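The values are calculated or read from the model by the stated rules, or taken from the named source; none is laboratory data. This structure is a prediction, so every number in the text was calculated from the model and none was measured. A quick note on method: Cβ atoms are made from the backbone with ideal geometry, for glycine too, and the neighbour counts reach across all protein chains shown. Accessible surface is based on the protein model in full, side chains and every heavy atom, while ligands, DNA and RNA are left aside. Shrake-Rupley method; radii C 1.70, N 1.55, O 1.52, S 1.80 Å.
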Amino acid sequence: MDEMLHALAAVGLAPGTRRQYLQMLRAFHGFVAARYGAQVRAVFGVPVGDGGLDRFNHVRHAGDDAAVGPPPGRERLQAFFSFVRSQVAVASDYRVMARDYALLRTPYHSAVRVSELVRLDQADVHPHLGPSGKLHVRFGKAANTSGPRPRWAPMLEGVDRILALVPGRRPTAIPCHRAAVLRR
């Protein structure tokens, strides 16, 4: 069992997939032991046994993909964002640093996933909708095989000012509707 789990990890399967495989094997082994244990013992003269599934090979949701500790507090995030913003002013490539700052800050102040954020265009920013504006997420999270689901996400706490940093020149009162997260 350990060799199989190691081989699955070596080929790069995600920890969640490895947990699912282990759970399926444990369920199948339990089924065989409960349903056919007596027949296996009668035919082969040996009990079904544990099949390499000992107490150390149990399923638990603690792997490479599990969260490590609590999320950072508001003060720590503010310090991080202040540092990144200070680097925007002195960066050798302003556009790249401003884009990175917007990519880091926008998910914190809006209801957008990172995978959705990186696919936003300039036309997806609508500051005139709602009290503080909305982002048109055209490639939202899909459910199973249904494909991406478009939706509208609110812009909170001045996301329009953050997105205004992104155009190709240093900001000088650029309106939000001209800002783009990644593409113009």
Note to self: Pull out all pairs, ordered by first then second residue, where Cβ-Cβ is under 7 Å, the residues are six or more apart or on different chains, the first lies in segment 8-27 and is within 24 Å of Gly49 (Cα to Cα), and the second is open to solvent by less than 80 Å² (accessible area, probe 1.4 Å) and small (Gly, Ala, Ser).
What the structure shows: Arg18/Ala9; Arg19/Gly63
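A quick yes/no check of all residues on (1) touching a Pro at 6+ places or on another chain (Cβ under 8 Å); (2) surrounded by 13 or more Cβ atoms within 10 Å (Cβ to Cβ); (3) in a helix (DSSP H, G or I):
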| site | (1), (2), (3) |
| --- | --- |
| Gln78 | no, no, yes |
| Ser82 | no, no, yes |
| Arg85 | no, yes, yes |
| Tyr101 | no, yes, yes |
| Glu116 | no, yes, yes |
| Ala123 | no, no, yes |
| His128 | no, no, no |
| Phe139 | yes, yes, no |
| Ala142 | yes, no, no |
Checklist line | In segment 125-139, the residues that are in contact (Cβ under 8 Å) with a residue 24 or more places away in the chain and either closer than 17 Å to Ile162 by Cα or small (Gly, Ala, Ser) (or both) | finding: Val125, His126, Pro127, His128, Gly130, Ser132, Gly133, Leu135
Check: Quick one: in segment 20-34, which of the residues that are open to solvent by less than 80 Å² (accessible area, probe 1.4 Å) and of a type in the set (Gly, Ala, Ser) is farthest from Met4 (Cα to Cα)?
Finding: Ala33
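For segment 87-99, give me each residue that is in a helix (DSSP H, G or I) and either farther than 15 Å from Arg161 by Cα or open to solvent by 60 Å² or more (accessible area, probe 1.4 Å) (or both).
Our first condition is that a residue be in a helix (DSSP H, G or I); within segment 87-99, this holds for 87-90, 94-99.
Correct list: Gln87, Ala89, Val90, Tyr94, Arg95, Val96, Met97, Arg99.
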Notebook entry, point to check: Residues of segment 115-151 being modelled with pLDDT of 80 or more, aliphatic (A, V, I, L, M) and within 17 Å of the chain's Cα centre (by Cα), which ones?
Noted result: Leu117, Val118, Leu120, Val137
Note to self: Quick test of your reading of the structure: Ala67 fulfils all but one of (1) at negative phi; (2) loosely packed, with under 11 Cβ neighbours inside 10 Å; (3) modelled with pLDDT of 65 or more. Name the failing condition by number.
What the structure shows: (3)
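Kindly establish whether Pro72 is at pLDDT 80 or above, within 30 Å of Gly16 (Cα to Cα) and part of a helix (DSSP H, G or I).
Working: at pLDDT 80 or above: yes; within 30 Å of Gly16 (Cα to Cα): yes; part of a helix (DSSP H, G or I): no.
Answer is no for this residue.
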